[in-house]
Amino acid sequence: MHISEFDYFLPERLIAQHPPTERGASRMLHVDGGALDDLMFADFFDQVQSGDVMVFNDTRVIKARLFGEKASGGQVEALIERVLDDHVALAHVRASKSPKPGTQLTFAGRWQAEMVERVGDLFKLRFLADTPLFDILAESGKLPLPPYIDRGADGEDDERYQTVYAREQGAVAAPTAGLHFTEEMLARLADKGVKLCRVTLHVGAGTFQPVRVDDIHEHKMHSEIYEIPETTRVEIAAARAAGRQVLAVGTTSLRALESAAQSGQLVAGRGETDIFITPGYRFRVVDRLLTNFHLPKSTLLMLVSAFAGMDTIRAAYLHAVAHEYRFFSYGDAMLLEKQRI
C-alpha cells in the first residue's frame with residue numbers, strides 16, 4: 001500500500017495547542033460505517049452498556065527531556081526513551097556532534113552521566129548519581145510535548161497531559177484518548193456496570209516518527225514495553241462469553257491487547273511489541289475504539305483505517321475538517337466501530 005493513501009489536508013488552525021478549558025469538554029465523532037454522528041464527549045456514557053469491558057492504558061508520562069552540556073561545553077539535549085534501571089536509560093540525543101562512548105555529560109548543571117554505547121538510533125546513558133533516575137527526571141526534566149504543539153510545556157501541561165488514572169511511570173507521550181476522562185465519568189461508568197480494566201504500554205517517542213517510505217510495509221515500527229494483568233484477561237474472557245463488547249481506550253491499549261493475542265488467545269503477562277497494524281489486519285480482541293484524530297501519513301492513521309475501514313476513515317476525516325474538530329493530542333475524540341467484514 002502506498003503512503004499517499006493515508007494523506008489528508010489539515011488546516012494548521014485545527015491542531016489543538018492547548019487542552020479544552022475543562023477535562024472532558026471535547027467533542028466526539030461517532031463513526032459507524034457510513035454513519036457519522038456529531039456528539040459531545042459527555043455522550044460517551046450512553047454509548048456503552050453494563051457488562052461491556054473498557055480497557056485503559058495506565059502508563060504515566062515522565063518528564064523525559066533533559067538539557068545539559070558535554071565536558072567540552074557543547075550543548076546537549078536528551079529525550080529519555082526507556083528507563084532500563086535506576087541509573088541507565090536509552091535516549092535520543094541531540095548535539096552538534098553526537099557523543100562517543102565514554103563522553104561525560106552534565107544535565108541541569110548537576111547530574112553527571114556517561115554515554116555508554118549506541119543502540120541503534122538510541123544512546124545508552126548511565127547516570128552516576130545515587131539518586132534514582134525517575135527522581136532525577138521528576139526534579140530536573142521537562143515534559144516532552146508532541147512536536148506539533150508549538151510551545152514549551154507549562155504547569156497546565158503537567159496536569160492535563162496526563163490521564164487521571166496514570167500510575168505506571170515510563171511513557172514519553174500520553175495515551176491521549178484517555179485525557180478526556182474525569183474521575184466522575186469513570187465512577188459513573190463503573191456504577192453503570194461497565195468493567196474498567198487496565199493495561200500498561202509505555203508510549204515511546206517513535207509514536208511521532210513519520211513513515212518515510214512509499215510502500216508502508218517497508219516501515220519499521222519502534223518497540224514498546226507492555227503488560228496485560230491477569231484480571232484484565234479474565235474480564236475480557238468473561239465479556240466474550242457473555243456476548244458483551246470490548247472497547248479499547250486509545251490505540252496504545254489496542255496495540256497492547258492485540259500484541260498479547262497473536263497466538264489467537266489473549267495472554268496475560270509482560271512483553272515487547274513492534275506490531276504494525278495496517279488494512280487487512282484481523283482484530284482478535286477489540287470491538288470498539290475510542291481515539292483522537294491522527295497525523296496524516298502516520299502509522300496510527302493506518303491503524304484506525306484497518307479498524308474502521310479506509311473509505312470510512314477518509315469520510316470521517318473529511319467531515320471532521322469540514323466541521324472544524326480539534327485535532328491530535330489535545331483535540332477531540334472519535335468513537336470507532338469495527339468494520340463489519
Any residue at all in segment 169-191 that is closer than 30 Å to R94 by Cβ, at pLDDT 95 or above, outside any loop (DSSP other than H, G, I, E, B) and of a type in the set (K, R)?
no
Filter result for A25 (among the aliphatic types (A, V, I, L, M) and in contact with a Gly (Cβ under 7 Å, 6 or more places away or on another chain))
no
Can you pull out every residue in segment 303-337 that is touching a Gly at 6+ places or on another chain (Cβ under 9 Å) and not aliphatic (A, V, I, L, M)?
G309, D311, T312, Y325, E337
Which of the residues belonging to segment 118-144 are within 19 Å of H222 (Cβ to Cβ), touching a residue at least 40 places away in the same chain (Cβ under 8 Å) and assigned to a loop (DSSP other than H, G, I, E, B)?
P144
Hey, can you tell me all the residues within segment 289-324 that are within 13 Å of R27 (Cβ to Cβ), under 20 Å from the mean Cα position of the chain (by Cα) and either at pLDDT below 95 or not hydrophobic (A, V, I, L, M, F, W, C) (or both)?
N292
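Only strands (runs of 3 or more DSSP E) wholly contained in segment 7-77 count here; list those with 3 or more residues that are closer than 24 Å to R167 by Cα.
53-57, 59-61
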Can you confirm whether segment 204-219 contains a residue that is in a helix (DSSP H, G or I) and within 15 Å of R60 (Cβ to Cβ)?
no
Taking segment 103-112 and keeping only residues that are in contact with a strand residue (DSSP E or B) (Cβ under 7 Å, 6 or more places away or on another chain) and either in contact (Cβ under 8 Å) with a residue 40 or more places away in the chain or in a loop (DSSP other than H, G, I, E, B) (or both), one is left with T103, F107, A108, W111
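The values are calculated or read from the model by the stated rules, or taken from the named source; none is laboratory data. Since this is a predicted model, take the numbers as computed values, not measurements. Cβ coordinates were reconstructed from backbone atoms using ideal geometry, including for glycine residues, and neighbour counts include every protein chain displayed.
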